[in-house]
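Novice: Below are the structure tokens for one structure; questions will follow.
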Amino acid sequence: DFSKAMSQAGTSQFQEVIRQELEYSMKVELDKILATASSNEVEHTKKDLEGFKKLFHRFLQEKGPSVDWGKIQRPPEDSIQPYEKIKARGLPDNIASVLNKLVVVKLNGGLGTSMGCKGPKSLIGVRNENTFLDLTVQQIEHLNKSYNTDVPLVLMNSFNTDDDTKKILQKYSHSRVKIYTFNQSRYPRINKETLLPIAKDVSYSGENTECWYPPGHGDIYASFYNSGLLDNLIAEGKEYIFVSNIDNLGATVDLYILNHLMNPPNGKRCEFVMEVTNKTRADVKGGTLTQYENKLRLVEIAQVPKAHVDEFKSVSKFKIFNTNNLWIALSAIKRLQEKNAIDMEIIVNPKTLDGGLNVIQLETAVGAAIKSFENSLGINVPRSRFLPVKTTSDLLLVMSNLYSLNAGSLTMSEKREFPTVPLVKLGSSFTKVQDYLRRFESIPDMLELDHLTVSGDVTFGKNVSLKGTVIIIANHGDRIDIPAGALLENKIVSGNLRILDH
């Protein structure tokens with residue numbers, strides 16, 4: 001036992017030496033990069049690299065999954081409130097004064113590359129020529145006009161989306177919404193073998209575009225604080241931010257949740273509210289809220305020990321998942337940021353660059369900070385508040401007659417008999433937005449659709465109706481054109497255009 005203990009001590013000492021060497025080598029490389037910054041870049045580059053150094057230090061310290069499975073418990077009953085209970089309280093007469101304390105923040109760092117688009121994802125057309133950004137501005141403008149308030153919109157851009165977004169913002173200069181932007185940090189990608197940055201200087205254009213990345217939306221706390229915008233908004237009397245992904249079309253300002261925050265029934269305000277919703281089979285990988293060491297904690301699939309992944313995915317044990325619609329007190333962000341007390345697990349995201357080089361990027365997620373805030377709460381909201389558009393399959397749903405558009409908000413059509421959304425799977429021929437648009441002469445009637453699978457070279461004529469379960473599979477080399485005006489109800493359409501009953 002003694003020799004075992006000695007060898008373990010030796011191993012950990014050896015690991016510590018290696019860690020120190022890696023940190024020293026990283027520091028040398030980062031100093032070299034900083035030395036290439038021009039005088040007007042030095043200040044923010046220095047802040048970015050300091051933040052990165054902290055993350056890298058923690059990455060070297062932590063080993064294996066970051067949760068101890070045995071400590072995970074179900075959250076106490078009152079820590080996740082049903083939305084109906086919060087809505088039942090109604091709204092006070094002075095809801096406008098409550099709204100004036102709110103800031104809407106949209107996470108706008110992502111590119112539309114997964115849908116074959118260049119530039120910011122928020123600029124993809126979603127509905128009647130309106131982009132994600134158009135719909136967001138329309139929603140807030142409608143609020144400000146209806147209640148005579150001044151709710152501003154803040155966009156967290158990344159270095160990938162900042163220029164294009166700022167150009168587009170000029171078109172809203174006459175809208176009744178103040179729009180502010182700040183940039184999330186820019187961190188260097190790390191060579192997986194050497195654990196050193198692949199960037200040699202600060203530039204991020206041309207061949208250097210692949211050297212840098214935005215470090216996930218958990219970066220919001222530091223970059224919001226560093227930008228000075230957080231202090232400005234507090235000085236203006238703002239108290240809460242409502243944060244959501246710009247591609248979640250269900251994430252509109254909810255007055256009942258806002259009222260619950262500002263006028264809590266027990267008199268004690270929450271610093272952090274996470275909207276969760278019930279899992280379906282499609283969401284088994286979504287992060288879930290648990291009780292861990294007497295705090296509400298968000299557990300993501302990447303943190304789960306391999307032996308427990310199936311248990312984590314179980315819809316019966318973990319019934320809810322995080323929608324990433326979050327309500328956070330501005331004063332709490334300031335307090336925790338100044339104490340360096342926001343603790344978020346590191347997400348290690350492996351990537352292979354175009355040239356074949358394997359890199360890793362270290363990221364954090366905004367919801368993971370829930371355990372650092374006081375008096376946190378989950379609210380189990382209706383599924384309609386989670387309507388993300390990640391793929392063209394999602395785009396087909398939101399463009400269809402399943403939804404009606406009113407003042408920038410999408411609501412499920414009253415003509416649909418079931419409140420759930422159909423399951424839609426479009427094949428690889430539809431992945432890019434321009435290919436997808438070319439394959440639909442008009443968006444089919446989907447009011448009575450349950451399930452649609454399309455694979456291969458398929459096009460849809462005008463005014464097609466889809467009902468029940470429809471499966472359309474064009475074999476390799478074949479093409480299927482669904483004729484204009486066709487009604488497909490519970491049909492399988494296969495390679496040579498035989499239409500069979502399902």
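The values are calculated or read from the model by the stated rules, or taken from the named source; none is laboratory data. Because the structure is a prediction, the values reported are computed rather than measured. Note that each Cβ is placed from the backbone with ideal geometry, even for glycine, and that neighbours are counted across all protein chains shown. Ligands, DNA and RNA are stripped out before the accessible areas are found, and what is left, the full protein with its side chains, is counted by its heavy atoms. Shrake-Rupley method; radii C 1.70, N 1.55, O 1.52, S 1.80 Å.
Novice: Using a 7 Å offset from the Cα along the Cα-to-Cβ direction at both residue 360 and residue 57, what is the distance between the two label points in nm, to one decimal?
Specialist: It works out to 1.8 nm between the two label points.
Novice: What is the chain's relative contact order, in percent, from Cα pairs under 8 angstrom and six or more apart in sequence? Please report the intermediate quantities before stating the final value.
Specialist: Details: 925 pairs, mean separation 76.1, N = 502.
Worked out over the chain, it gives 15 percent.
Novice: Got a sec? What order do 142, 476 fall in by accessible area at 1.4 Å, biggest, i.e. largest, first?
Specialist: Details: 142 100, 476 190 Å².
Ranking 142, 476 by accessible area, largest first, yields 476, 142.
Novice: For the chain, state the semi-axes of the equivalent ellipsoid (square roots of 5 times the eigenvalues of the alpha-carbon gyration tensor), sorted largest first and rounded to whole angstrom.
Specialist: Semi-axis lengths for the chain are 38, 30, 26 Å.
Novice: If the label point is 7 Å along Cα→Cβ of residue 166, which residues in the range 180-205 have backbone nitrogen under 11 Å from it?
Specialist: 181-183
Novice: Here's a follow-up. First measure r as the distance between the Cβ atoms of residue 176 and residue 231, then evaluate 1/(1 + (r/R0)^6) with R0 = 25 Å and state the FRET efficiency to the nearest 0.05.
Specialist: Details: r = 25 Å, r/R0 = 0.99.
It comes to 0.50.
Novice: Sort 372-382, 211-221 for me by packing, meaning the mean count of neighbouring Cβ atoms within 10 Å per residue, highest on top. Can you show the working numbers first?
Specialist: On the way: 372-382: 20.1, 211-221: 23.5.
Sorting 372-382, 211-221 by mean packing, highest first, produces 211-221, 372-382.
Novice: Further question on the same structure: Hey, how many Å between the Cα centroid of the range 263-282 and the Cα centroid of the range 85-111?
Specialist: Cα centroid to Cα centroid, the span is 13 Å.
Novice: A further question follows. Please find the FRET efficiency linking residue 353 to residue 205, where r is the Cβ-Cβ separation and R0 is fixed at 25 Å, and quote it to the nearest 0.05.
Specialist: Details: r = 16 Å, r/R0 = 0.64.
In this case the efficiency is close to 0.95.
Novice: Ok, one more. Hey, what did the range 392-494 get for relative contact order, percent, Cα under 8 Å, at least 6 apart? Let's see the in-between values first.
Specialist: Working: 209 pairs, mean separation 22.3, N = 103.
22 percent.
Novice: Separation between the residue 339 and residue 266 pseudo-spin-labels, each 7 Å from Cα along Cα→Cβ, expressed in nm?
Specialist: Between residue 339 and residue 266, the simple spin-label model gives 2.0 nm.
Novice: What does the extension gain come out to for residue 282 and residue 405, with contour length at 0.36 nm per residue minus their alpha carbon separation? Don't skip to the end; give the middle numbers.
Specialist: Values: separation 123, 0.36 × 123 = 44.28 nm, distance 2.49 nm.
Gain on extension, residue 282 to residue 405, equals 41.8 nm.
Novice: Continuing with this model, one more query. Given a cut-off of under 8 Å on Cα pairs at least six residues apart, what relative contact order in percent is computed for the range 156-202? It would help to have the intermediate numbers written out before the result.
Specialist: Working: 28 pairs, mean separation 18.2, N = 47.
So the answer I get is 39 percent.
Novice: Could you work out the per residue convex hull volume over the alpha carbons of the range 278-336, in cubic angstrom?
Specialist: Details: hull volume 6.6 nm³, N = 59.
Output value, Cα hull per residue: 111 Å³.
Novice: Further, regarding this structure: For the range 321-433, what is the convex hull volume of its Cα atoms per residue in Å³? Kindly include the intermediate steps, with their values, before the conclusion.
Specialist: Details: hull volume 21.1 nm³, N = 113.
Looking at the range 321-433, the number lands at 186 Å³ per residue.
Novice: Sticking with this structure for a sec: Which of the peptides 443-451, 300-308 is most tightly packed, and how do the rest follow, going by the mean number of other Cβ atoms within 10 Å of each residue? Provide the component values of the computation, followed by the final result.
Specialist: Details: 443-451: 19.0, 300-308: 14.8.
Descending mean neighbour count gives 443-451, 300-308.
Novice: Quote the accessible area belonging to residue 283 in square angstrom, nearest 10, computed with a 1.4 Å probe and with ligands, DNA and RNA left uncounted.
Specialist: Counting only protein heavy atoms, residue 283 exposes about 20 Å² to solvent.
Novice: With bins 10 Å wide starting at 0, give me the P(r) of the range 70-178 over every alpha carbon pair, in whole percents.
Specialist: Final binned percentages: 12, 32, 26, 22, 8, 0.
Novice: Oh, and also: Where the centre of each part is set by its Cα atoms, how far does the range 474-488 sit from the range 121-158, in angstrom?
Specialist: 37 Å
Novice: Now a separate question. Could you tell me whether the range 392-494 comes out rounded, prolate or oblate from its Cα gyration tensor? Rule is a ≥ b ≥ c as square roots of the eigenvalues, rounded for a/c under 1.5, then prolate if a/b exceeds b/c, otherwise oblate.
Specialist: Working: a/c = 1.92, a/b = 1.49, b/c = 1.29.
Prolate.
Novice: Want the number for residue 196 to residue 441: 0.36 nm per residue separation, take away the alpha-carbon distance, what's left? Before the final figure, lay out each step's value.
Specialist: Working: separation 245, 0.36 × 245 = 88.20 nm, distance 5.02 nm.
Fully extending the segment from residue 196 to residue 441 adds 83.2 nm.
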